[in-house]
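Worksheet for the structure shown next.
Read the figures in this text as sums done on the coordinates, not as results from a lab. From a predicted model like this one, the values you see are computed outputs, not experimental measurements. As a convention, Cβ positions derive from the backbone with ideal geometry for all residues, glycine included, and neighbour counts pool all protein chains shown.
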């Protein structure tokens with residue numbers, strides 16, 4: 001495995017291990033905590049399928065025109081890994097490990113399989129990516145779609161951008177307090193994102209664990 005795949009592998013193994021350690025009742029509570037995010041993701045998927053599905057399949061998956069689907073090209077946050085693990089069974093997580101060890105699609109994304117993305121809940125960066133040609137084509141035809149997309153992007157920031165307490169930060173701090181450390185904990189590793197938190201006066205407590 002290359003450096004990218006190794007980084008993803010380590011995060012996947014760590015998240016799986018820590019979720020086992022906290023136990024089933026706490027896992028169930030975390031699932032309830034992330035339910036608003038999953039509802040938002042359903043909204044995003046419905047919107048993209050309705051307005052962009054055919055365009056994106058042709059531009060990105062079929063013809064490799066988009067950097068989003070390039071090999072080792074996606075940006076993954078720790079919260080992406082945890083949320084996916086909370087919504088995956090053991091076989092599905094093993095499938096991700098297989099993808100990291102033996103990518104199927106050559107120069108395309110490590111996680112692409114014959115049936116598409118092998119994540120159960122794709123990383124937010126993937127879900128929110130629209131290449132410029134497709135985006136411009138759709139928005140020029142219907143400004144109402146552009147306005148809806150602008151609102152969706154703003155809502156996405158409510159889960160990830162740490163100028164206020166957000167879910168992605170909560171999940172990093174939660175597992176950091178257990179001793180977990182991953183290079184994918186960008187919100188608490190990146191000088192730029194730490195600066196955003198500091199300037200906004202955000203001190204993000206972890207999601208409190210039950211005894």
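Rounded to the nearest 10 degrees, the angle from helix 3-22 to the longest Cα principal axis of the chain is 50 degrees. Does region 3-200 classify as rounded, prolate or oblate by the C-alpha gyration tensor (a ≥ b ≥ c root eigenvalues; a/c under 1.5 gives rounded; else a/b over b/c gives prolate, otherwise oblate)? Cα axes put region 3-200 in the oblate bin. In this label model, residue 140 and residue 200 are separated by 3.5 nm, measuring between points 7 Å along each Cα→Cβ vector. Taking 7 Å steps out from each Cα toward its Cβ at residue 97 and residue 49 produces label points 3.1 nm apart. How tilted is helix 35-51 with respect to the longest principal axis of the chain? Cα atoms for both, answer in degrees (0 to 90, nearest 10). So the helix axis and the longest Cα principal axis differ by about 10 degrees. Between residue 9 and residue 115, what is the FRET efficiency for a Förster distance of 30 Å, r being their Cβ-Cβ separation, to the nearest 0.05? Approximately 0.90, to the nearest 0.05. Measuring r between the beta carbons of residue 89 and residue 164 and using R0 = 35 Å, the FRET efficiency lands at 0.55. Between the Cα long axis of helix 90-101 and the first principal axis of the chain there is an angle of about 70°, rounded to the nearest 10.
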